[in-house]
1. Note down all Cβ pairs under 8 Å where the first residue falls in the stretch 593-606 and is over 20 Å from G578 (Cβ atoms), the second is of a type in the set (K, R) and part of a loop (DSSP other than H, G, I, E, B), and they're at least six residues apart or on different chains.
2. Could you check Y623 against (1) surrounded by fewer than 20 Cβ atoms within 10 Å (Cβ to Cβ); (2) over 22 Å from the mean Cα position of the chain (by Cα); (3) part of a loop (DSSP other than H, G, I, E, B) and say which number it fails?
3. Would you check which residues across the stretch 43-60 are touching a Phe, Trp or Tyr at 6+ places or on another chain (Cβ under 7 Å) and modelled with pLDDT under 95 and list them?
4. Scan the stretch 145-167 for residues that are away from the ligand (no atom under 16 Å from the Cβ) and of a type in the set (F, W, Y) and jot them down.
5. Quick one: in the stretch 399-423, which of the residues that are hydrophobic (A, V, I, L, M, F, W, C) and outside any helix (DSSP H, G or I) is surrounded by the most Cβ atoms within 10 Å (Cβ to Cβ)?
6. Looking only at the stretch 493-511, count every residue that is part of a loop (DSSP other than H, G, I, E, B) and surrounded by fewer than 17 Cβ atoms within 10 Å (Cβ to Cβ) and tell me the total.
7. Does any residue in the stretch 405-416 that is farther than 13 Å from F352 by Cα come within less than 9 Å, Cβ to Cβ, of a residue that is basic (K, R) and within 16 Å of the ligand (Cβ to nearest atom) six or more places away or on a different chain, and which pairs are these?
Amino acid sequence: MKTETELRELLASLTLEEKVGQLVQLSGEFFSDDEGLKTGPTQKLGIDPTMVELAGSVLNVAGAEKTRAVQEAYLAKSRHKIPLLFMNDVVYGCKTVLPIPLGFAASWDPDLVRECYAGAAEEARAMGIHVTFAPMLDLVRDARWGRSLESTGEDPWLTSVYARAMVEGLQGDDLARAGIASCIKHFAGYGAVEAGRDYNTVDMSERRLREMYLPPYRAAVEAGCRAVMPSFNVIDEVPSTANTWLLRDVLRGEWGFDGAVVTDYAAISELVPHGVAADDAEAARLALEAGVDVDMKTACYANNLCDLVRSGAVDEALVDEACLRVLTLKNDLGLFDDPYRGASPAEEERTFLTDEKRARARKLADESIVLLKNEHDLLPLDPQGEGRIALIGPYAASHALIGLWAVQGDPASVPTLAEALTEIAGDRVTCAQGSPYLVDESSLGFFGRSGAGDAAWDEDSLGALREEALAVARKADVVIMALGEHPMESGEGGSKADLRLPAIQRELLRAVHALGKPVVGVIFSGRTPVLSDIAPWCDALIEAWFPGTEGTHALADILFGVVNPSGRTAMTFPYATGQEPLYYNAFNTGRPEKTSGHTNRFTSRYVDCPTDPLYPFGYGLSYTTFAYENLRASSETLTADGTLEVSVDVTNTGRMAGDEVVQLYVRDLVGSVVRPVKELKGFERVHLEPGERRTVSFTIDEPMLRFWRRDLTFGSEPGAFEVMVGPHSAEVQTLPFTLVA
Ligand code: BGC
């Protein structure tokens with residue numbers, strides 16, 4: 001490791017071009033195993049080949065052999081032997097793919113998430129990846145946004161808990177020895193794009209931003225994340241990539257962040273179409289002045305910064321500052337001691353998809369899957385029974401179960417649901433596709449290895465698929481419908497204006513339901529879809545998300561009762577698309593639908609749809625039942641330096657052992673600004689044997705009650721509060737208490 005003085009000496013020995021080079025990040029096509037650096041795509045970006053040779057980091061090159069070869073060729077040409085930094089998207093698992101974040105958020109198990117992320121970092125490190133563009137910490141309250149998939153849901157506090165766990169898991173205690181650096185994203189507020197349309201405008205008050213959207217990023221900064229990626233969107237009409245207030249005042253000034261700021265893909269050049277820069281040179285100046293250190297995948301820094309400095313338009317001290325941050329990151333990663341950081345095919349062999357990692361991913365999937373409905377205890381199915389099981393739907397024999405952003409994962413190696421069910425129930429299971437995911441995939445575009453299918457479905461082939469499935473269903477005693485969104489209907493660029501499942505699948509479900517057999521719906525999706533026209537046709541309903549490498553094993557265990565479901569959704573399931581954005585921690589309004597004194601027409605509601613969601617935040621069923629009794633508090637008042645103990649007795653009143661996620665909410669009844677009707681402040685996942693009773697206690701103190709007050713100071717306000725405890729946000733028991741000054 002170099003000392004700070006040595007790093008500064010190194011900086012001082014670099015030419016302006018070399019310093020700017022450190023700020024340039026290019027993608028894999030600029031590099032090849034045998035030749036080191038290529039010139040072909042250089043012309044496309046318009047970067048001078050010498051600048052390509054000086055580029056300080058590369059994105060999306062992975063694999064020990066490849067990264068070693070690129071590093072070796074790069075260092076051979078490098079005057080100062082400053083190693084190249086390899087950055088990659090290891091978003092939710094690496095080779096061992098975890099459930100999508102929106103899925104594992106339903107686990108309410110940050111400790112397990114931390115362990116799983118440490119495993120992902122180990123696999124990534126073996127491949128030669130140094131920094132991951134993760135975790136994604138964008139709070140999302142609108143399921144139309146495709147990137148809901150990458151988020152841990154709608155709650156700022158829960159997302160902050162996961163933020164810490166993910167950063168700690170990825171980075172470990174000593175970055176030089178283990179782990180990879182975390183570049184959190186997308187700073188800030190990207191989840192609030194208007195109408196849920198990707199890359200769209202964000203407009204909100206500073207109060208809302210600070211209250212709801214900033215806390216998760218801040219939690220990650222406090223957990224020591226080494227890098228931050230600004231978001232594509234505007235904040236107060238300024239794109240984040242050029243937002244000095246956001247990047248310098250808030251991130252560095254208020255929060256004390258001293259790591260590297262790395263743009264999102266091509267974001268500096270996008271300042272031009274955004275309309276805040278006339279050309280790439282101006283865009284480069286704005287970004288550098290705003291505090292952006294690394295330019296991902298544009299020629300803006302590479303082609304303009306040297307001239308801008310030489311003409312006096314940009315202060316060289318800004319280039320020095322940014323370059324030093326990049327050098328510091330490389331140093332902290334241990335790259336000056338070992339530019340390969342131990343990456344090797346042998347390490348890959350040792351770390352990829354180990355039994356331990358698979359077991360953890362499976363446990364996380366067990367805890368992520370949410371049982372939404374279970375009429376007449378249809379589930380679990382009897383693993384020893386004789387009944388015939390029809391497994392029908394586009395996801396019945398699909399391997400596309402890892403979601404859009406698992407770029408290192410291999411879908412082909414994920415067992416299909418049919419295979420996983422057959423492992424338990426053998427030839428009782430018969431499978432039929434029934435329908436494609438979508439009839440017309442032409443609007444989906446391409447993403448990495450995924451792309452829209454080219455099958456042109458005509459009426460005859462659709463009819464034949466359906467008839468085959470109905471014939472299978474007729475012979476069955478129970479039908480499992482494996483339905484969901486096309487894998488490309490969520491993730492980046494996967495925004496939707498209609499959150500229902502594709503019509504072809506809804507029609508198939510109706511036709512199967514009409515046969516009168518018990519139906520279990522299993523839904524695969526990267527968001528909380530509208531299921532109000534699915535649920536009535538299913539006796540039991542499960543949200544499986546995209547459950548990852550071990551997801552179908554987890555699902556099979558849940559369907560057959562080997563595992564009792566315990567996932568609790570971290571994002572509201574809307575009743576209809578038009579309700580979005582929809583979230584539990586909303587304001588009461590002056591005319592709340594259920595309690596307003598106004599006649600019901602003139603209350604805050606819809607005339608064509610319920611106001612409530614289909615399934616609320618925190619919701620999920622179990623094969624057993626839990627009773628909540630005797631909610632009590634240690635006092636009716638809380639003082640500024642005191643604590644309040646809140647306890648409840650939770651009993652497993654059913655016949656199966658199970659986990660319950662006991663949730664704690666608080667409401668500030670009167671504030672200088674309006675406060676949410678509920679805010680999550682705590683939870684505990686408890687395991688209870690049948691008949692077992694456990695007292696679950698939470699401690700409330702004054703810091704938990706702080707918020708951004710009317711004058712935009714952060715603090716609490718004395719007065720009346722409510723504390724609520726229950727199994728989900730819409731079913732709670734309530735106690736009043738008073739905060740005294
Ligand atoms: C995404 C980022 C990602 C980057 C690099 C962008 O399009 O917005 O989340 O990290 O690409 O792959």
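1. Partner pairs satisfying both residue conditions: H598/R591.
2. The number of the failed condition is (1).
3. Listed by number, the list holds a single entry, V52.
4. If the condition is that a residue be away from the ligand (no atom under 16 Å from the Cβ) and of a type in the set (F, W, Y), then W157, Y162 are the ones that fit.
5. Initial filter on the stretch 399-423 (hydrophobic (A, V, I, L, M, F, W, C)): 400-402, 404-407, 412, 414, 417-418, 420-421.
After this cut, where a residue has to be outside any helix (DSSP H, G or I) as well, the list is 400-402, 404-407, 414.
Values: A400: 20, L401: 30, I402: 26, L404: 25, W405: 27, A406: 27, V407: 18, V414: 25.
Only one residue tops the list, namely L401.
6. Qualifying residue count, the stretch 493-511: 3.
7. W405/R147; V407/R449; P411/R449
Conditions tested, residue by residue: (1) within 14 Å of the ligand (Cβ to nearest atom); (2) surrounded by fewer than 22 Cβ atoms within 10 Å (Cβ to Cβ); (3) of a type in the set (D, E); (4) in a helix (DSSP H, G or I).
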position	(1), (2), (3), (4)
L214	no, no, no, yes
A220	no, no, no, yes
G224	no, yes, no, no
F232	yes, no, no, no
W245	no, yes, no, yes
D249	no, yes, yes, yes
R252	no, yes, no, yes
G256	no, yes, no, no
Y265	yes, yes, no, no
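The values are calculated or read from the model by the stated rules, or taken from the named source; none is laboratory data. Owing to the predicted nature of the structure, the values given are computational and were not obtained by experimental measurement. Quick reminder, even Gly has a Cβ in these numbers, built from the backbone with ideal geometry, and neighbours come from all protein chains shown.
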